[in-house]
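The values are calculated or read from the model by the stated rules, or taken from the named source; none is laboratory data. None of these values were measured; they are calculated from a predicted model. Every residue, glycine as well, gets a Cβ built from its backbone with ideal geometry; the counts of neighbours run over all protein chains shown. Ligands, DNA and RNA are excluded from the accessible area calculation, which covers all protein heavy atoms including side chains. Shrake-Rupley method; radii C 1.70, N 1.55, O 1.52, S 1.80 Å.
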Amino acid sequence: MLRRPVLILPVLLLLLIESIFVTTCIGVSGLSLWNFDTAMIQKLLFEVRLPRVCGAVLVGLGLGAAGCAMQGLFRNPMADPYIIGTSSGGALGAAFAIVFLGGLFLPVLAFAGATLSTVMVYIISLRHGRVAVETLLLSGIAVSLFLSALLSFFMYISGNSLHQIMFWMMGGFWNVYWDDVILGLLIPAACVAVFVFSRDLNVMALGEEEAVHLGVNTEKTKRILLLVSSFITGIAVSIAGCIGFVGLIIPHIMRILTGPDHRVLLPASMMAGAILLMWADTAARTLPVEIPVGIITVFLGAPFFIYLLRRRTQV
Amino acid sequence: MTPVISAEQLSVSYGDHKVLRDLSLVVEEGRFIGILGPNGCGKTTFLRALSRILAPDAGAVLIEGLDVAAYDTRELARILGCVRQETDVAFPFTVREIVLMGRHPHIGRLAPLGEADLSIADEAMRRTNTLHLADKLITEVSGGERQRVLIARTLTQQPKILLLDEPTSHLDINHQLEILSLIRELTPKITVVGVFHDFNLASYFCDRLILMSGGQIVAAGTPAEVLTEERISESFSVRMLVHMHPLTGKPYLVPAYDVAAGAGGVRVHVISGGGSGSELYHLLLLHGFRVTAGVLAANDSDAAAAAALGIEAVVEPPFAAVSAAAVEGMRGLVAEADAVVVAGMPVGLGNLANLSVLKDADVPVYFLGRCEDYAGGAADALCAELAGDGAVAVVSAADLMRRILP
């Protein structure tokens, strides 16, 4: 077992800081740290590239944290931030904005779609004041399918804006500006709220009844964590669309490296999510044709995931 | 004094299915209470209602005099701990991490674990013999080890009340005894309520037993009061023999393994002594033979077995020579028998008549095992004579069955 919880966090922090500098300096314009004296280059750096990098960092932090919380909550390493309808709700909101409002209020509608669908899934699963995670999972699938049908309809009638919807659904940071970054600052704040529950998440790995016996108010914990996670994911989706696999694969890999203790796993997943997205976005914008970053994350993530599954049946 | 746990007219249901009906119970502090009952009688449901996992439809559970529903979750967890039959751990925590989770209700949300917490966990691991596993992953230890780890976790929780839901039923007998001894040592400082499947473990370890059936308590009291043949057969529809354990003075139970008395058909008479017949009686009855026996001495365990199995037998007082009347009785049974089996026994002058009767009997005779001669050669001579008349020596009970089964 290569668990090095004590080492991993500082190493990730160093990598994170270094990556912020390095990725900011990589781009099609061939800019480097040593010659940003002219006003034009400064403008490019501070108004185009830096907000984009910051957006990737914040969304990565959020997807890492939300993925971690969902996997802990569902006691299932296959859970991800979108599991309870967040992505399809967000996509539907965004498609609505693109088709009917010409892209106006897109982030707001994406956020509203993502969080509303989660709330809807939660309410559907509610029985006598309690929510069973199994029910949550199944209603998540049902609601996602329903919203996807609506989304398909919007895409069918979207005409010329189909490309825009597709691009948005795959996710990317090509139109992230400082106002998005300011909105994104809510993500780390919400992550702190998740962190407060990290020990409860640990105990919940023993099962909900056991967790109750150990003093965890499981219903309250589930409610708060679902709400906070969908808030984080909603903001992430409104900034960068539905970037896949980060929230699934990052906590998964980090659990192998740090062990399942959420007090370490959560910050590790956040930083690793940020690092991965920064580099994936760098690849997305330096390739000959700008492609959605979600394609890159899935393209790299899926084979790696298969490798992990084959290597160890139980993670 | 306030009872530590009291259930007052508790009714619990799953949907429309009523599992507990009007159940009331008062548990005094420091007791080790065992709950017994057939599957589906509501034992586990009762425990889950005690620990607030299930909310009652009617009635209430009071813990230390307060309604359990009024407790804060953390506060309740400091009073009440629970070990379940099986716990599925979702992620590969180390054993020490799992054990330290027992401190969860005692420490603040973001507070680090203190020296005291660590030493409480170490002590719990030492007592459950799991300290050597501390750095292993919970997913790597065996089922028995895992259960001991979970017990260590619950000890680390330092509850005043411990609820057990058959926590040792998957363990080997040595670990069952170890763990239950350990738990009994915790009383009377803490109160233990446990669900048991095994009558004998419950009888030995608990000072009070509760027998449940159909969602209600049908008996409560000391093991000797609760574990009676009638009560067990009413609740479990099986006859158990209740004995006194020779070393503990507690009742212990073994199944009677009842067989229906042979329904007629083929009759077999068994001549045995010194306990050589009991196993054969049971086997013959299982195969549907009608069995008769004798002549037996009244103090022979074969006589007791024959009586318990409802076998017609000719019995003589102990140490007496077989009387003429008994010989006549036996001659009658042999005459009606379709076969006679002599199960190897010591033959002395007293029971020599058992063999000599066979000389003029007109039935197939089988010898299962050798008869030891304590009659100065007379027994050996008789056996040889019978063999000469066509008596067959069989090598085993299975061999015998092959020959006499129709």
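Points worth noting:
- Qualifying residue in segment B:130-137 (condition: acidic (Asp, Glu) and under 25 Å from B:Asp172 (Cβ atoms)): yes
- Restricting attention to segment B:71-130, the residues that are more than 8 Å from every other protein chain (Cβ to nearest Cβ), basic (Lys, Arg) and touching a residue at least 24 places away in the same chain (Cβ under 8 Å) total 3.
- Only a single criterion out of (1) buried (at least 16 other Cβ atoms within 10 Å of the Cβ); (2) of a type in the set (Gly, Ala, Ser); (3) over 18 Å from the mean Cα position of the chain (by Cα) is not satisfied by A:Ala94, namely (3).
- The requirement of being without any contact (Cβ under 8 Å) to a residue 12 or more places away in the chain and of a type in the set (A, V, I, L, M) is fulfilled somewhere in segment B:230-244, by at least one residue.
- B:Asp135 being more than 18 Å from A:Val203 (Cβ to Cβ), more than 32 Å from the chain's Cα centre (by Cα) and within 14 Å of chain A (Cβ to nearest Cβ): yes
- Test for A:Val176: is it more than 18 Å from A:Ile224 (Cα to Cα), under 18 Å from the mean Cα position of the chain (by Cα), open to solvent by less than 60 Å² (accessible area, probe 1.4 Å) and at pLDDT below 90: yes
- Some residue of segment B:326-347 being modelled with pLDDT of 90 or more, open to solvent by less than 60 Å² (accessible area, probe 1.4 Å) and part of a loop (DSSP other than H, G, I, E, B): yes
- Number of residues in segment B:31-70 that are away from chain A (no Cβ under 14 Å), part of a loop (DSSP other than H, G, I, E, B) and open to solvent by less than 10 Å² (accessible area, probe 1.4 Å): the value is 3.
Yes/no per residue for (1) assigned to a helix (DSSP H, G or I); (2) of a type outside the set (D, E, K, R); (3) within 14 Å of chain B (Cβ to nearest Cβ):
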| residue | (1), (2), (3) |
| --- | --- |
| A:Met169 | yes, yes, no |
| A:Gly172 | no, yes, no |
| A:Val176 | no, yes, no |
| A:Arg199 | yes, no, yes |
| A:Ser230 | yes, yes, no |
| A:Leu248 | yes, yes, no |
| A:Leu257 | yes, yes, yes |
| A:Ala272 | yes, yes, no |
